[in-house]
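Everything on this sheet refers to the single structure shown next.
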Amino acid sequence: MSADSRDYKLDLSSRPPSVAPAATPQVPASLRPFLSVHFACCGVYTRIYRSPDASSYRGRCPRCLRPVTFQVAASGTDSRFFVVY
Ligand SMILES: [Zn+2]
């Protein structure tokens, strides 16, 4: 099966040495601050991540796509869990 062997090598060599998704965020997801949000509209829970400029947290209800924005304020709450009605 020399043909199969050649195809296998080609497949390997076509991959770049270090694979990185094109849309890699500047900060790893594990380090990005996020809020835990419960969308009462659909009874679902999700996380929303801080915007790149750190001025707000923006997300959407995963079911009805209702947008939600939390402004970041120095005097704001330390709570990390919110319910959106
Ligand atoms: Zn919803």
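Only the coordinates and a few stated rules stand behind these numbers; no lab work does. Just so it is clear, the model here is predicted, and its values are computed rather than measured. In this analysis, Cβ positions are derived from the backbone assuming ideal geometry, glycine residues included, and neighbour counts consider all displayed protein chains.
For the stretch 63-85, what are the residues that are surrounded by 13 or more Cβ atoms within 10 Å (Cβ to Cβ) and of a type outside the set (D, E, K, R)? Reasoning before the result, please.
First pass over the stretch 63-85, keeping only residues surrounded by 13 or more Cβ atoms within 10 Å (Cβ to Cβ): 66, 68, 70, 72, 82, 84.
The answer is Val68, Phe70, Val72, Phe82, Val84.
Among the residues of the stretch 46-85, count how many are in contact with a Lys or Arg (Cβ under 9 Å, 6 or more places away or on another chain) and either away from the ligand (no atom under 14 Å from the Cβ) or not aliphatic (A, V, I, L, M) (or both).
Step one: filter the stretch 46-85 for residues in contact with a Lys or Arg (Cβ under 9 Å, 6 or more places away or on another chain), giving 46, 48-51, 56-60, 66-70, 72, 84.
When the remaining residues are screened for being either away from the ligand (no atom under 14 Å from the Cβ) or not aliphatic (A, V, I, L, M) (or both), the result is 46, 49-51, 56-60, 66-67, 69-70, 72.
The number of residues fulfilling the criteria is 14.
Among the residues of the stretch 35-53, which ones are more than 11 Å from Phe81 (Cβ to Cβ) and of a type in the set (S, T, N, Q)?
Within the stretch 35-53, the subset more than 11 Å from Phe81 (Cβ to Cβ) is 39-44, 46, 48-53.
Result: Thr46, Ser51.
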